[in-house]
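Here the structure comes first, spelled out in structure tokens, and everything after it is commentary.
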Amino acid sequence: MHAIVPAAGEGTRLRPLTDEQPKGLVEVAGKPLLSHVFGTLTDLPVDEAVVVVGYRGDQIRNHYGDSFEGIDLRYVEQPERRGLADAILQAEGLVSDDVVVLNGDNVFDADLGPVVTRHRETDADATTLVDEVSRERAAEAGVFAVEDGDIVGMVEKPSEPPSRLVPRGFHVFSEALFPACRLVTPAHTGEYELTDAIDLLIQAGRHVETVRFEGWCCNVNTPADRERVAAHLE
């Protein structure tokens with residue numbers, strides 16, 4: 001099974017730690033952030049990961065080389081940071097069949113195997129790990145629209161969230177992911193959102209599943225996030 005790990009961002013909110021190195025190499029709880037991410041993949045049936053690099057990407061290539069604890073690593077460049085859907089498209093042609101997409105700045109302390117299992121058992125086109133959050137937090141993220149218990153859409157940062165169900169940065173997709181990403185149009189920020197690709201799959205009647213998150217996770221964007229991870233893991 002393949003994985004795609006988007007890790008091209010500059011990590012501006014972590015400056016000055018990212019002045020001379022990419023976000024993925026910033027030390028978090030005693031090791032580089034990407035080591036936590038790759039470590040999550042070692043607990044899954046993943047044998048190869050495509051790492052999407054950008055800002056100071058050569059440092060990531062040089063640090064990890066062609067493997068991490070039994071997982072083969074390949075690298076592609078995202079020349080401009082134009083959102084997750086664009087990052088994923090850089091890996092098209094290097095992956096096949098079902099693919100895990102794991103954000104390159106999420107540290108998990110959780111069993112994510114059930115997401116892969118649900119995806120395979122239901123023959124889904126997209127299976128997303130989700131969590132229920134406050135409406136304030138939902139307004140700052142991608143959020144699912146739900147009617148009578150069914151997923152009917154997905155929107156990015158809505159002023160009036162249609163639910164409190166948000167993704168936690170871990171997905172499994174069929175190959176339908178790539179046509180959906182190619183159909184995404186840029187948001188007002190200029191970014192091509194993965195949220196929109198998932199919504200396109202839903203509107204096309206493709207099979208989309210969600211799995212409720214159980215465990216602990218932190219999206220590392222700020223020095224406070226680094227401290228939170230260290231307090232939890234050390």
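Scanning segment 53-82 for residues that are out of contact with any helix residue (DSSP H, G or I) (no Cβ under 9 Å at 6 or more places or on another chain), in contact (Cβ under 8 Å) with a residue 12 or more places away in the chain and among the charged types (D, E, K, R) yields 61, 72, 74, 82.
So is residue 176 under 29 Å from residue 49 (Cα atoms) and surrounded by 19 or more Cβ atoms within 10 Å (Cβ to Cβ) or not? Answer is no for this residue.
Screening the candidates 116, 95 for the property of being buried (at least 23 other Cβ atoms within 10 Å of the Cβ) and within 17 Å of the chain's Cα centre (by Cα) yields one hit, 95.
With the structure loaded, tell me whether residue 182 is touching a residue at least 40 places away in the same chain (Cβ under 8 Å) and in a loop (DSSP other than H, G, I, E, B) or whether it fails that test. Break it down into steps so the answer makes sense when it comes.
On the way: touching a residue at least 40 places away in the same chain (Cβ under 8 Å): yes; in a loop (DSSP other than H, G, I, E, B): no.
No: the conditions fail for residue 182.
Against the list (1) under 18 Å from the mean Cα position of the chain (by Cα); (2) at pLDDT below 95, the condition residue 164 fails is (1). Every test in (1) touching a Lys or Arg at 6+ places or on another chain (Cβ under 9 Å); (2) touching a residue at least 24 places away in the same chain (Cβ under 8 Å); (3) within 26 Å of residue 95 (Cα to Cα) is passed by residue 200 save one, and that test is (2). Checked across segment 12-30, the condition of being in contact (Cβ under 8 Å) with a residue 60 or more places away in the chain, surrounded by fewer than 22 Cβ atoms within 10 Å (Cβ to Cβ), at positive phi and part of a loop (DSSP other than H, G, I, E, B) holds for at least one residue. Condition check: outside any strand (DSSP E or B), closer than 19 Å to residue 168 by Cβ and of a type in the set (A, V, I, L, M, F, W, C). Does residue 4 satisfy that? No. Among the conditions (1) of a type outside the set (Gly, Ala, Ser); (2) under 18 Å from residue 225 (Cβ atoms); (3) part of a loop (DSSP other than H, G, I, E, B), the only one that residue 44 does not satisfy is (2). If you go through segment 225-234 one residue at a time, do you hit one that is surrounded by 20 or more Cβ atoms within 10 Å (Cβ to Cβ) and under 16 Å from the mean Cα position of the chain (by Cα)? No, segment 225-234 contains no residue that is surrounded by 20 or more Cβ atoms within 10 Å (Cβ to Cβ) and under 16 Å from the mean Cα position of the chain (by Cα).
Looking only at segment 53-69, residues that are part of a helix (DSSP H, G or I) and among the aliphatic types (A, V, I, L, M) come to 1 in all. Filter segment 200-223 down to residues that are aliphatic (A, V, I, L, M) and over 18 Å from the mean Cα position of the chain (by Cα) and give me whichever is nearest to residue 130 (Cα to Cα). By that ranking, first place goes to 202. Taking segment 215-234 as the range and being farther than 20 Å from residue 10 by Cα, outside any helix (DSSP H, G or I) and of a type outside the set (Gly, Ala, Ser) as the test, the residues that pass are 216, 217, 234. Name the one entry in 175, 191 that is part of a loop (DSSP other than H, G, I, E, B) and under 25 Å from residue 217 (Cα atoms). Just one listed residue meets the conditions, 191.
Residues in segment 70-110 that are closer than 16 Å to residue 175 by Cβ and of a type in the set (Asp, Glu): 92, 97, 98.
Scanning segment 38-81 for residues that are within 17 Å of the chain's Cα centre (by Cα), surrounded by fewer than 18 Cβ atoms within 10 Å (Cβ to Cβ) and farther than 24 Å from residue 115 by Cβ returns 77, 81.
The values are calculated or read from the model by the stated rules, or taken from the named source; none is laboratory data. Since the structure is predicted, the reported quantities are computational estimates derived from the model, not experimental observations. Don't worry about glycine lacking a Cβ; one is built from the backbone with ideal geometry, like all the others, and counts go over all protein chains shown.
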